[in-house]
Amino acid sequence: MLFKNKDKQDQLVAALGRAVESAAADIQGRSPWADARGRFLRNKAAVFSLCLLTLITVCCVVGPWLLPNAFDAADWDAMSLPPMLKGWHFFGTDESGRDLLVRSLVGGRVSLLVGFLATLSAVTLGIVWGATAGFIGGRVDAFMMRVVDMMYAVPYLLIAILMVTILGRAFYLVVITITVFSWMDMARVVRGQTLSLRSKEFIEAARALGVPTRRIIFQHIVPNLLGIVVIYTTVTVPAVILVESVLSFLGLGIQEPMTSWGVLIHDGASVMEVSSWMLLFPAGLLSLTLYCFNYIGDGLRDALDPKER
Amino acid sequence: MSLIEVNNLGVQFQTQDGLVYAVNGINFALDRGQTLGIVGESGSGKSQSVLAMMGLLASNGKATGQALYKGQDLLAMRPAELNKIRGNRVAMIFQDPMTSLNPYLTVERQMTEVLQFHKGLDRKAARARSVQLLDAVKIPEAARRITMYPHEFSGGMRQRVMIAMALLCEPEVLIADEPTTALDVTVQAQIIALLRDLQRDFGTAIIMITHDLGVVAGLCDEVMVLYGGRVMEQGSADSIFYGASHPYTVGLLGAIPRLDADDEALVAIPGAPPNMARLPKGCPFSERCTLADDQCRDVMPALLPASHNPAVFRACHRSSEAVAELAAKGAVHA
Amino acid sequence: MRDAAQPILSVRDLKVHFKIKSGGAWPWSAARTLKAVDGISFDIHAGETLGVVGESGCGKSTLARAVLNLIPATAGSIVWMGQEMTSASSQAWLAARADIQMIFQDPLASLDPRMTIAQIIAEPLRTHRPRMPEAEVMLRVKAMMGRVGLMPQQINRYPHEFSGGQCQRIGIARALILEPKLIICDEPVSALDVSIQAQIINLLKALQKSMGLALIFIAHDLAVVKHISDRILVMYLGHEMEVAKKKALYAAPRHPYTQALLSAIPIPDPALERKKVIQLLQGDLPSPMSPPSGCVFRTRCPVAIARCAEEIPPLRRLDDQTEAACLLA
């Protein structure tokens, strides 16, 4: 029963002619997303990387609560210990006696969080900028892309140093700095994709139907952009994490006692001949995470490849 | 011995969905000066069969059977031997001249390359011969135009360039894979006229692949109608056009919009082109045929001489008379 | 009450010119003009079909898009249901679009690959009748699917799961769901197999009859339009060559270009083909950026005279069946 008023339904059905309420049930279609998901799941390297990345993330989030040592608890009796089972120091300790395992996991939280937040902002800004430029076209497009070109030309390290010097070191500043220098790739890619979509026949068909511009952008262009956005996001996240690590390595990022992988690598590099574990573990975790993102990105690219359709 | 003799040619592709039999059981013989038209729609296997003969199948494709050129089996040859014949004795022209010509090389380079490789001519002699052939295909100002790039020619002229390239070594067989499908109808008429003249002057045998029965009527002596990778009907052009004895041929002839028909409704063949990965056990056309019964769907009809004319081969369980009735009724409406 | 004699669409002297900047020139150098459509006039009455025929580059697709304002017209007038549309507001165009719809050449490309066909066919309803209840929308979609020969159970499938012919049926369903008065068909069967072409042409004819539609059927093949048109307009390089009622055009074409086109079409009849004398056109299509002076067809015309280069022949009414733009017709 589709309508409350059975008479009205009968009238409508009669008016529309043939019996539409057929006995057979509606078949569910196979959306392009479902196809892509299937292809992704068949890619063993990508699936393994996804599981590994999930594992790392869960450990970083949950681990520090489960482990007995605090990340900032200095233990002067246990300074610079190599990895051992005693006292849960699986990764060893640093010169202040702080447990490296917990610090690595907490650092992971920060790195991943910065990575996630900065990527989210960069992607959003990039999509809005690129889709608008691509869809409007003409002079607006030209102007917006020149802005992008100018941003590429600005040396980000100098700006980062300037901002830290003037505004001090804070978590939100790190995120903003990284965002400001990471959105351009996404904007370029989204603009290119929008340009190619704009001339596709189904967009022309939507215009011929009288669909308003805003609806075209959100209902037609954005869903067809998501494929490439997802792929480039998985490329942006490792880049962002690396930038954060570089900034922290140079002393421009996260402040003590909060730590990130970059800070840990910085500290570890200075004592690497003596306490090599202090460098190896955080660097290893960072590298592993970046590899995972790369394989996932590759898997997504193959899964969403339009030629496969 | 025929110039070209094809026996039981088959082509299979190894795909994600399993083994796809794109072509099955093609047989024909071609002599000097003869033209064979291979007609079919998408999925009929018409292009794949000639690509197999020329050794141009994709890497997951495999050809079975025999394709004899003067007694030598093209399918069994090593690439080096096949190269001596391809472009030299048996030449091919393709559908889209823009993508078949290298956009980065001048026409001169592309043509002289063929002559240098096959005939061992030096640059000057090769250039002279190339200009001669461009003249033969009626490209105006051939000597000046030969130094231009493919994109500087119009679609019709590019196709002429392709024909000229194919004829450089005076091949005995010319295979044309939908050469005029991408061209305007006036240009198509010019190209067909050109092919006819060249055949008359050089005696080339032509295998013409097309979906356009009008083109076939104007050019071909023998016609082979393919559907779902199999031969449905095969015979002389007159017997196919005037006495079609297979339901698919009848349907096809009825479905074509024709200038000489009087305003009748088009006879549509119901259904959709075959899915080559999921063909019925029996006749591939059985899903769409109005005369089909269970036998048609389960048992593959053999390609046998027709009862009304032994020179015509047909693969159908129904008799020629039943099909003739169908043609007379102008049956099916979709 | 509609006046049956009044045309629903009246196009007068429509011109669509594009400014093309030659690549690599200075930014301030003058752009060249590409005259895609250069003065086309025609009328469409309710329920009739106008076939628009021409080869590649003649401007027929541009004409279709200009009539719908997908490409803005450079000059000329488009009168829809008595209202001048060339200077109309976007609201007026939105209202008009409910009554003029379009079917495209590439069936699969004209459907959004990420939408189900339910969403695709319902989109016109949601755009033009946003208050319609969801249940009614779905009922109408399914009814329309049945009318164009699709199974209503397929409603949640995606375009790539259908064949070319079925995709074109989806496009037709989408165009018809608002019950428009005019449908512009831009080469709707060119990309389809021959056996499927016939299905779609028959479907369009049946729907036209049952829904009282007017059609503008654009094609490059005169044989195809013969089966569906009442009148035919032959275009060449943005100009009208001949406009005639169907029987007159095919029996006695008056313009040399039409004659050449008709003689060039291959007929699937070996005896006729062998006897046929084709009027082969010399030369190539001139560039639309520098069309020949006077009659644009003169460079390829077998009977051109000196005067053809001096004046553009107007579209003259030769009798009650035919108009031709030729000094010698």
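Values in this text are rule-based calculations from the coordinates and carry no lab data. Source: prediction; values computed, not measured. Glycine gets a Cβ as well: all are built from the backbone with ideal geometry, and neighbour counts include every protein chain shown.
Below is a table of values for the structure above.
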| item | result |
| --- | --- |
| Helix A:44-66 vs. chain A, principal-axis angle (Cα, 0 to 90°, nearest 10) | 50 degrees |
| GluC sites (Glu not before Pro) restricted to DSSP loop in segment B:225-326 with at most 15 other C-beta within 10 Å | B:Glu264 |
| Inter-centroid distance (Cα atoms) of segment B:1-31 relative to segment C:165-226, Å | 37 Å |
| Distance histogram for segment C:205-329 (every C-alpha pair counted, 10 angstrom bins, percent rounded to whole numbers) | 12, 39, 34, 13, 2, 0 |
| Under the Debye formula (equal points on every Cα, no solvent term), log10 I(q)/I(0) of the protein assembly as shown at q = 0.06, 0.09, 0.10 Å⁻¹ | -0.58, -1.13, -1.29 |
| Over segment C:114-190: Rg over Rh, Cα atoms, Kirkwood Rh | 0.95 |
| B:Asn27 versus C:Lys247: modelled label distance in nm, points set 7 Å from Cα along the beta carbon direction | 5.1 nm |
| Chain A, helix-only ellipticity at 222 nm - DSSP H runs n ≥ 4, -39,500 (n - 2.57), divided by all residues, nearest 500 | -23000 deg cm²/dmol |
| Chain C - mean residue ellipticity at 222 nm from DSSP helices (-39,500 (n - 2.57) per run, n ≥ 4, rounded to 500) | -9000 deg cm²/dmol |
| Loop-located chymotrypsin sites (Phe, Trp or Tyr not before Pro) in segment B:106-210, at most 15 other Cβ atoms within 10 Å (DSSP) | none |
| Cα gyration tensor category, rounded, prolate or oblate, for segment A:209-309 with a/c compared to 1.5 | oblate |
| Stokes-Einstein translational diffusion, segment B:136-280 - Kirkwood Rh over all Cα pairs, 0.890 mPa s, 25 °C, in µm²/s | 140 µm²/s |
| Chain lengthening between A:Asp75 and A:Leu226 when straightened (0.36 nm per residue, less Cα-Cα) | 49.4 nm |
| Nearest-0.05 FRET efficiency for A:Leu120 and B:Asp135, computed from C-beta distance (R0 60 Å) | 0.35 |
| Volume of the Cα convex hull of chain C, divided per residue and given in Å³ | 175 Å³ |
| Between 0 and 90°, nearest 10: helix A:6-15 axis offset from chain A longest Cα axis | 70 degrees |
| Cα centroid separation, segment A:193-239 to segment B:32-83 (Å) | 43 Å |
| Cross-link pairs B:Lys46/B:Lys138; A:Lys200/C:Lys21; C:Lys15/C:Lys60; A:Lys200/C:Lys60; C:Lys181/C:Lys209; C:Lys60/C:Lys246 - those with Cα-Cα distance over 21 Å | B:Lys46/B:Lys138; A:Lys200/C:Lys21 |
| Choice from C:Cys58, C:Cys185, C:Cys308 showing the highest fluctuation, given a GNM over chain C with Cα pairs closer than 10 Å | C:Cys308 |
| Global geometry of segment C:223-275, whether rounded, prolate or oblate, following the gyration tensor of its Cα atoms and the 1.5 cut on a/c | prolate |
| For segment B:46-117, the spread of Cα positions along each principal axis, largest first, Å | 38, 24, 18 |
| Per-residue Cβ neighbour rank within 10 angstrom, fewest leading, A:Val263, A:Val180 | A:Val180, A:Val263 |
| Helical segments meeting 15 Å axial Cα length and Kyte-Doolittle -0.5 threshold in chain C (DSSP H) | C:117-128, C:134-147, C:164-176, C:194-211 |
| Summed residue charge, Cβ within 13 Å of C:Ile184's Cβ, Lys/Arg positive, Asp/Glu negative | 0 |
| From phi via Karplus (6.51, -1.76, 1.60), per-residue ³J(HN,Hα) for segment B:218-232 in Hz, x at Gly/Pro | x, 10, 9, 8, 10, 10, 10, 9, 10, 8, x, x, 10, 7, 8 |
| Pairwise FRET efficiency - C:Val303 versus C:Gln6, Cβ, R0 = 30 Å, nearest 0.05 | 0.20 |
| Neighbouring partner chain Cβ atoms per residue of B:244-256, average, 10 Å criterion | 2 |
| In degrees, nearest ten, helix B:107-119 long axis to first principal axis of chain B (Cα) | 90 degrees |
| Segment C:73-173: C-alpha gyration tensor shape, a/c 1.5 cut-off, then a/b vs b/c | prolate |
| Formal net charge of residues neighbouring A:Met144 (Cβ-Cβ distance under 11 Å; K, R +1; D, E -1) | +2 |
| Order of A:Thr119, B:Thr112, A:Thr57, B:Thr15 under a 10 Å beta carbon neighbour criterion, fewest first | B:Thr15, A:Thr57, B:Thr112, A:Thr119 |
| For segment B:297-312, 3J(HN,Hα) per residue [Karplus equation, 6.51 cos²θ - 1.76 cosθ + 1.60, θ = phi - 60°, Hz, x = Gly/Pro] | 6, 9, 10, 6, x, 7, 7, 10, x, 6, 6, 7, 6, x, 7, 9 |
| Descending principal axes extents, segment A:99-166, alpha-carbon based, whole Å | 58, 26, 16 |
| Proximal charge balance of C:Leu203 [Cβ under 13 Å; K/R count +1, D/E count -1] | +4 |
| Exposure proxy ranking, count of Cβ atoms within 10 Å, fewest first, for B:Lys329, C:Lys142 | B:Lys329, C:Lys142 |
| Per-residue [θ]222 nm for chain B (sum of -39500 (n - 2.57) over DSSP H runs n ≥ 4, rounded to 500) | -10000 deg cm²/dmol |
| Distance (nanometres) between label positions extended 7 Å along Cα→Cβ at B:Leu56 and B:Asp17 | 2.5 nm |
| Simple label model, 7 Å out from Cα along Cβ direction - A:Trp88 to A:Ile136, nm | 5.5 nm |
| Chain C - percent relative contact order, Cα under 8 Å, separation 6 or more | 20 percent |
| For segment C:45-128: relative contact order, % (alpha-carbon pairs under 8 angstrom, 6 or more apart) | 13 percent |
| Calculated over segment B:239-334: convex hull of Cα atoms, volume per residue (Å³) | 105 Å³ |
| Only Lys, Arg (+1) and Asp, Glu (-1) charged, at Cβ; the protein assembly as shown dipole about Cα centre in debye | 980 debye |
| Selection from C:Gln199, C:Phe217, C:Met241 lying farthest towards where the dipole of segment C:194-291 points positive, charges on Cβ | C:Gln199 |
| Mean separation of Cα contacts under 8 Å, 6 or more apart, over the residue count of chain B: relative contact order % | 19 percent |
